[in-house]
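Enquirer: I have a structure I would like to understand better, so I am pasting it below and will then ask my questions one at a time.
The values are calculated or read from the model by the stated rules, or taken from the named source; none is laboratory data. Here the structure is a predicted model, which is why all the values come from computation and not from measurement. Quick reminder, even Gly has a Cβ in these numbers, built from the backbone with ideal geometry, and neighbours come from all protein chains shown. Areas reflect the complete protein model, heavy atoms only, side chains present, ligands, DNA and RNA absent. Shrake-Rupley method; radii C 1.70, N 1.55, O 1.52, S 1.80 Å.
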Amino acid sequence: MKILLINPPHPSIGSRIPREHLPPLGLLSLGGPLLDAGHEVKLLDAEFGPMSVSRIVSEAQEYEPEAILLGHSGSTSGHPSATRIVRAVRMALPQTWIIYGGVFPSYHWTQIMEQEPAIDFIVRGEGEETVVRLVAALEQNQPLEWVTGIVFRAGTAPGPKRPVDEHLFERGQVVATPPAPVIRDLNACRVGWELIDHRRYTYYGKRRAVVVQFSRGCPHRCHYCGQHEFWRTWRHRDPVKFAAELARMHRQHGVELINFADENPTASRPAWKAFLEALIAENVPIILIGTTRASDIVRDADILHLYKRAGVERFLLGLESTDDATLQAIHKGSTKAIDREAIRLMRRHGIISMAAWVAGFVQEKDSDYWRTLRQLLSYDPDQIQALYATPHSWTPFAVQEAKHRVVQTDLSRWDYKHQVLVSAHVPNWRVLLWVKFIEAVCQLRPKSLLRLMAHPDRRFRAGMRWYSNIGRRVWPYEVWQWLFCDRRTRSGPTLAEFLKGRWRIEPKVISRLQVAVRPARSIPASQSCRGEIA
Ligand code: B12
Ligand code: SF4
């Protein structure tokens with residue numbers, strides 16, 4: 001089958017400000033297995049430009065695909081962009097199957113199938129195996145209810161073949177099949193690197209770059225985060241083969257910068273250590289950046305020299321809060337002492353520490369922002385990143401905040417860079433002032449500037465310079481957006497109203513709901529397996 005993968009352009013800072021792009025790993029991860037299954041696959045990365053919808057449509061028309069697959073890693077805030085594209089593509093290519101996937105559609109498939117008739121299929125959860133099975137079913141005209149992990153509208157898919165057993169379902173009925181099993185062997189999933197021209201993808205100061213995944217999932221359960229539930233279990237690739245793949249990308253394609261997509265690459269000390277040792281043995285000058293937990297850094301105090309030797313240059317630590325009670329309430333599994341110690345250890349080993357903290361909680365007061373600033377200064381991280389509390393519907397955090405009002409009703413702004421929930425005690429303009437003030441104080445204090453300009457390690461200085469250059473552009477951009485582009489409301493809907501009450505359902509309920517494939521009359525349209533996850 002002729003397949004076009006589309007990476008929609010994303011409006012967020014992460015896509016628009018750096019003036020360089022990383023490859024869309026999610027789509028490339030589908031591309032590898034589809035190529036291996038014998039399909040003809042092309043990637044249209046509309047982040048470049050960014051491409052207008054009409055340009056995307058004309059590129060798609062020129063390629064004449066039988067199926068279009070689209071999805072975005074920044075999936076919630078990327079959804080409005082994805083829907084604009086599918087509507088236009090559907091008009092231009094009425095016979096093409098349109099398949100949508102990623103984190104947001106995996107949870108919001110009920111609404112999406114109701115609101116977007118242009119979308120024929122949604123793949124829930126990790127896509128590699130499911131999409132190959134779905135495409136095979138479409139090609140061979142097999143019953144779709146045999147394919148686990150998908151959602152479809154019975155009897156309405158376009159194309160010459162009619163792949164659905166119409167006697168089982170009412171025409172137009174939305175059917176969700178039971179969840180696909182977790183992919184146990186990540187080594188079996190090949191990334192379709194041949195779909196990109198590596199020369200186009202750079203990051204971290206024009207270094208040729210890729211996004212990779214050593215592991216999937218997370219053993220922790222922070223209550224505002226949905227990533228651990230999306231992947232369901234923590235698994236990792238073979239450390240030695242993974243190191244060899246990175247080395248190969250360096251030798252064959254000149255890749256210098258590796259950006260880890262892992263939620264938590266260091267979760268298993270033996271696996272991570274084996275990877276570091278294997279990469280050191282490969283002897284390639286690559287830079288590794290990613291995100292991990294402060295507690296893992298502290299656990300690995302005795303092997304941090306291996307991190308550095310393997311090329312780890314920067315880790316983002318999600319500190320989230322500088323208050324022990326809050327850390328406990330959000331199930332972070334960390335403490336102030338651990339967070340501070342992790343930053344100290346990273347400094348000792350010449351690894352840049354980026355501390356991410358979260359603003360915009362409903363109950364926050366001015367005094368909390370003041371305390372945050374003081375705590376952050378005492379932690380002394382090299383870089384900081386402020387994020388706004390964002391209640392994705394599939395997290396316990398959203399359930400907790402259900403009755404609170406939403407200040408930002410434009411989903412494309414649910415990107416951690418806009419305040420989403422109305423703060424009870426601090427008006428939105430003052431939250432912004434606090435965030436910008438804290439960022440400015442932390443980044444412009446003499447210690448930070450000294451590291452930027454006079455750190456003995458050239459690469460460390462370059463990493464600091466890259467981030468401060470981005471910051472210099474982000475700062476006025478955010479203020480400009482706040483003043484002239486973003487719309488906010490203090491009398492908006494409650495979160496429950498905004499998300500239309502489609503709440504996360506507890507796992508024990510889900511197991512009872514995994515009975516999607518049933519004759520039409522016993523399951524009302526759009527309700528089969530409703531609210532079920534991944
Ligand atoms: C690398 C990364 C980036 C890179 C993006 C590089 C790139 N070109 O993709 C950068 C730094 C630019 C970035 C920016 C942003 N990011 Co980011 N980023 C990540 C990170 C660390 C990894 C993403 C990834 O590659 N995952 C691995 C791939 C394999 O997973 P996947 O994309 O979900 O794809 C799988 C499935 O979802 C499914 N699938 C996906 N698409 C499709 C499509 C079809 C048709 C099918 C069938 C299946 C399918 O199959 C895939 C394979 O199993 C994640 C955190 C994480 N650990 O996932 C955050 C994450 C995706 N980012 C996030 C956010 C918010 C952003 C920004 C909006 C931040 C900002 N304000 O600027 C922007 C958005 C712009 C963007 N380009 O993504 C959030 C998204 C939350 C949400 N649910 O909406 C995440 C999850 C972080 C988090 N912990 O919450 N990001
Ligand atoms: S450690 Fe990170 S990925 Fe894991 S549950 Fe917490 S926030 Fe999510």
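Enquirer: Expressed as an acute angle from 0 to 90° and rounded to the nearest 10, what is the orientation of the C-alpha long axis of helix 428-444 relative to the principal long axis of the chain?
Expert: Approximately 50 degrees, to the nearest 10.
Enquirer: May I ask you to work out the translational diffusion coefficient for the chain at 25 °C, viscosity 0.890 mPa s, via Stokes-Einstein with Rh from the Kirkwood sum over Cα pairs, reported in whole µm²/s?
Expert: On the way: Rh = 24.2 Å.
For these conditions, the coefficient is 101 µm²/s.
Enquirer: Could I have the simple spin-label model distance between residue 187 and residue 141, label points 7 Å from Cα toward Cβ, reported in nm to one decimal?
Expert: Between residue 187 and residue 141, the label points sit 4.1 nm apart.
Enquirer: What share of the DSSP beta bridges in the chain is antiparallel, in percent to the nearest 5? All intermediate terms of the calculation are to be shown ahead of the outcome.
Expert: Values: 12 of 53 bridges.
Here the antiparallel bridges make up roughly 25 percent for the chain.
Enquirer: Could you rank the peptides 222-230, 472-480 by their average count of other C-beta atoms within 10 Å per residue, with the highest value first? Don't skip to the answer; put the middle values down first.
Expert: Working: 222-230: 20.0, 472-480: 14.0.
Averaged packing, sorted descending, gives the order 222-230, 472-480.
Enquirer: Place +1 on the Cβ of every Lys and Arg and -1 on the Cβ of every Asp and Glu in the chain, take the dipole about the Cα centre, and give the residue among 481, 70, 27 whose Cα lies farthest towards its positive end.
Expert: Of the candidates, 481 comes out farthest on the positive side.
Enquirer: Roughly what angle does helix 75-92 make with the longest principal axis of the chain, taking Cα atoms, 0 to 90 degrees, to the nearest 10?
Expert: Between the helix axis and the principal axis of the chain, the angle is about 40 degrees.
Enquirer: Full extension from residue 429 to residue 500: what is 0.36 nm times the residue separation minus their Cα-Cα distance, to one decimal in nm?
Expert: Details: separation 71, 0.36 × 71 = 25.56 nm, distance 2.74 nm.
Gain in length upon complete extension: 22.8 nm.
Enquirer: Over the chain, average the accessible area per residue using a 1.4 Å probe and give it in Å², no decimals. Write out the running numbers ahead of the final one.
Expert: Working: 21490 Å² over 534 residues.
Averaged over the residues of the chain, the accessible area is 40 Å².
Enquirer: While we're looking at this one, here's another question. Could you work out the helix-only [θ] at 222 nm for the chain, with each DSSP H run of four or more residues adding -39,500 (n - 2.57) and the total divided by the number of residues, to the nearest 500 deg cm²/dmol? Intermediate results must be reported in sequence, preceding the final value.
Expert: Numbers: 21 runs with 214 residues, N = 534.
Result for the chain: -12000 deg cm²/dmol, rounded to the nearest 500.
Enquirer: Rounded to a whole number, what is D in µm²/s for segment 1-91 from Stokes-Einstein with the Kirkwood radius over alpha-carbon pairs (37 °C, 0.692 mPa s)? Walk me through the intermediate numbers first.
Expert: On the way: Rh = 13.4 Å.
The Stokes-Einstein estimate is 245 µm²/s.
Enquirer: Next up: Can you give the FRET efficiency to the nearest 0.05 for residue 457 and residue 25, using r as the Cβ-Cβ distance and R₀ = 30 Å? List each step's numbers first, then the result.
Expert: Working: r = 29 Å, r/R0 = 0.95.
Approximately 0.55, to the nearest 0.05.
Enquirer: So how do 121-129, 146-154 stack up, highest first, on mean other-Cβ count within 10 Å?
Expert: Numbers: 121-129: 25.0, 146-154: 22.4.
The densest-packed peptide leads the list: 121-129, 146-154.
Enquirer: For the pair residue 62/residue 440, report the inter-label distance in nm, with labels modelled 7 Å from Cα in the Cβ direction.
Expert: So the two model labels end up 4.6 nm from each other.
Enquirer: Continuing with the same structure: Just subtract the alpha-carbon distance of residue 42 and residue 468 from 0.36 nm times their residue separation and send over the number in nm, one decimal. It would help to have the intermediate numbers written out before the result.
Expert: On the way: separation 426, 0.36 × 426 = 153.36 nm, distance 3.58 nm.
Taking 0.36 nm per residue and subtracting the Cα distance, the gain is 149.8 nm.
Enquirer: Counting Lys and Arg as +1 and Asp and Glu as -1, each charge on the Cβ, what is the dipole of the chain about the Cα centre in debye, to the nearest 20? Walk me through the numbers before you get to the answer.
Expert: Values: 71 positive and 55 negative charges, 285 e Å.
For the chain, the charge dipole is close to 1360 debye.
Enquirer: May I ask you to derive the relative contact order of the chain, considering only C-alpha pairs under 8 Å and at least 6 residues apart, and to give it as an integer percent?
Expert: 14
Enquirer: Place the peptides 64-77, 191-204 in order of packing, highest mean first, counting for every residue the other Cβ atoms within 10 Å and averaging per peptide.
Expert: Values: 64-77: 22.5, 191-204: 18.0.
With the highest mean Cβ count within 10 Å placed first, the list reads 64-77, 191-204.
Enquirer: Based on the Cβ-Cβ distance of residue 252 and residue 371, what FRET efficiency does E = 1/(1 + (r/R0)^6) give at R0 = 35 Å, to the nearest 0.05?
Expert: On the way: r = 50 Å, r/R0 = 1.43.
In this case the efficiency is close to 0.10.
Enquirer: Within the accessible area of segment 290-345, what % is carbon and sulfur when the probe is 1.4 Å and the other protein chains stay in place?
Expert: Values: 1130 of 2010 Å².
Whole-percent figure for carbon plus sulfur exposure: 56.
Enquirer: Please tell me which of these pairs span more than 22 angstrom C-alpha to C-alpha: 241/273; 273/308; 241/308; 2/206; 332/436; 332/447?
Expert: On the way: 241/273 14 Å; 273/308 12 Å; 241/308 20 Å; 2/206 33 Å; 332/436 25 Å; 332/447 29 Å.
Violating the 22 Å limit, Cα to Cα: 2/206; 332/436; 332/447.
Enquirer: Whole percent per 5 Å bin, from 0 to the bin with the longest distance: what is P(r) over all C-alpha pairs of segment 224-267?
Expert: Values per bin, smallest distances first: 5, 17, 22, 22, 14, 12, 7, 2, 0.
Enquirer: Here is a further query. Charges only on Cβ, +1 for Lys and Arg, -1 for Asp and Glu: so what's the dipole of segment 8-135 about the Cα centre, in debye to the nearest 20?
Expert: Details: 9 positive and 15 negative charges, 93 e Å.
That gives segment 8-135 a dipole magnitude of about 440 debye.
Enquirer: According to a simple spin-label model (label point 7 Å from Cα along Cα-to-Cβ), what is the distance in nm between residue 491 and residue 200?
Expert: Taking the simple label geometry, residue 200 and residue 491 are separated by 4.8 nm.
Enquirer: Measure nothing fancy, just the Cα-based angle from helix 336-348's long axis to the longest principal axis of the chain, in degrees from 0 to 90, nearest 10.
Expert: That works out to roughly 70 degrees.
Enquirer: Which aspartates and glutamates, on any chain, are close to residue 500 with Cα under 18 Å apart, when same-chain ones fewer than 8 places away are left out?
Expert: Qualifying aspartates and glutamates at Cα under 18 Å: 114, 116, 401, 410, 532.
Enquirer: Ignoring everything but the protein chains, give the 1.4 Å probe accessible area of residue 110 in square angstrom, nearest 10.
Expert: Taking all protein chains as shown, residue 110 has close to 10 Å².
Enquirer: Once the dipole of the chain is set up with Lys and Arg at +1 and Asp and Glu at -1 on Cβ about the Cα centre, which of 453, 471, 89 lies farthest towards its positive end?
Expert: Final value for the positive-end residue is 453.
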